[in-house]
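Colleague: One structure is given below, represented as structure tokens, and several questions about it will come after.
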Amino acid sequence: LASRAFKEQDTVVKVGDLAIGGQHIHVMAGPCAVESREQLLEAAALVKAAGATLLRGGAFKPRTSPYSFQGLEEKGLQYLAEAREKTGLKIVTEVMDAGTLPMVAEYADILQIGTRNMQNFFLLREVARVDKPVLLKRGASATVEEWLMAAEYIMAGGNYNVILCERGIRTFENFTRNTLDLSAVPVVKHLSHLPVIVDPSHAIGKWRFVPPMAVAAVAAGADGLLIEVHPNPSEALCDGPQSLTPENFQTLMKDVRRVAEAMGRSL
Ligand code: PEP
Ligand code: MN
């Protein structure tokens, strides 16, 4: 179902009035985690002003350490819904397990499956039964084929609205947090009709290198970007080192717009 051989034409995923996989490049931006009402509303206003169409922010956080901030859970989802009401931005947020799926689905416009859950086949089957688009992040050690098979689980369960997200893979290189596999963009576009977006923030892990790779992702044919932005990255509870300041995000958007237009697309 996910393959280009099965369906030749590009899939466009509708999120309300937004079309992901069409002519317009969509930027999903916001903090790693929803930390407070003030932090989220401020982030929402600034990413909207810079031209993002979707707001990201985790209410359930898959943290490496059990002692790290784990997210505001339902309170965080409520702040996301409030930010949507105030700005019109659509909401993308991670769902970590089947138990909290009904709650997350009540608030989210797009359900995010994180890299750690890409092969949680039980969870994939569950999101397949929900009438919401799914953003499927590539597993940090997943091949393109394994990633597409994960998408296949969601589609085989009846949900065809899958957006793929390249977010870096594990290699021997450790200067960057992961290695952004940009070649996956044209490869996946060749193998599949599904829209592909790129998350340079989690791939690289250092804010300084995020803007050039965001531009490169659009040049490579990505249908969108996922970018971490924080009103004050030095105070972030999660992923501060890779989060852009409001000013740096504005500059990124200007540069991305130029490349998008050169590619015959809009931002
Ligand atoms: C995220 O986007 O918040 C996240 C945790 O990303 P990943 O699953 O790619 O690590
Ligand atoms: Mn993060």
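Colleague: Give the residue that is surrounded by the most Cβ atoms within 10 Å (Cβ to Cβ), with candidates limited to residues of region 214-240 that are acidic (D, E) and either modelled with pLDDT under 95 or away from ligand 1 (no atom under 14 Å from the Cβ) (or both).
Modeller: Ranking the qualifying residues of region 214-240, first place goes to D223.
Colleague: Sticking with this structure for a sec: If you take the residues of region 62-94 that are under 30 Å from G22 (Cα atoms) and assigned to a loop (DSSP other than H, G, I, E, B), which of them is farthest from ligand 2 (Cβ to nearest atom)?
Modeller: Among residues in region 62-94 that are under 30 Å from G22 (Cα atoms) and assigned to a loop (DSSP other than H, G, I, E, B), the one farthest from ligand 2 (Cβ to nearest atom) is G88.
Colleague: Moving on. If the requirement is being out of contact with any Lys or Arg (no Cβ under 8 Å at 6 or more places or on another chain) and more than 15 Å from ligand 2 (Cβ to nearest atom), which of these qualifies: A216, A184?
Modeller: A216
Colleague: Can you say whether P211 is out of contact with any strand residue (DSSP E or B) (no Cβ under 6 Å at 6 or more places or on another chain) and either part of a helix (DSSP H, G or I) or within 16 Å of ligand 1 (Cβ to nearest atom) (or both), as far as the supplied structure shows?
Modeller: Yes; evaluated as a whole, the condition is true for this residue.
Colleague: Let me ask something else about it. Mind listing whichever residues of region 158-182 are among the hydroxyl-bearing types (S, T, Y) and touching a residue at least 12 places away in the same chain (Cβ under 8 Å)?
Modeller: Y160, T176, T179
Colleague: Continuing with the same structure: Which of the following residues is in contact (Cβ under 8 Å) with a residue 24 or more places away in the chain and farther than 19 Å from L55 by Cα: V229, V198, V185?
Modeller: Of the residues listed, the single one that is in contact (Cβ under 8 Å) with a residue 24 or more places away in the chain and farther than 19 Å from L55 by Cα is V185.
Colleague: Within region 40-51, which residues are among the aliphatic types (A, V, I, L, M) and either within 16 Å of ligand 2 (Cβ to nearest atom) or at positive phi (or both)?
Modeller: Across region 40-51, the qualifying residues are L40, A43, V47.
The values are calculated or read from the model by the stated rules, or taken from the named source; none is laboratory data. Computed from a predicted structure; not experimentally measured. Quick reminder, even Gly has a Cβ in these numbers, built from the backbone with ideal geometry, and neighbours come from all protein chains shown.
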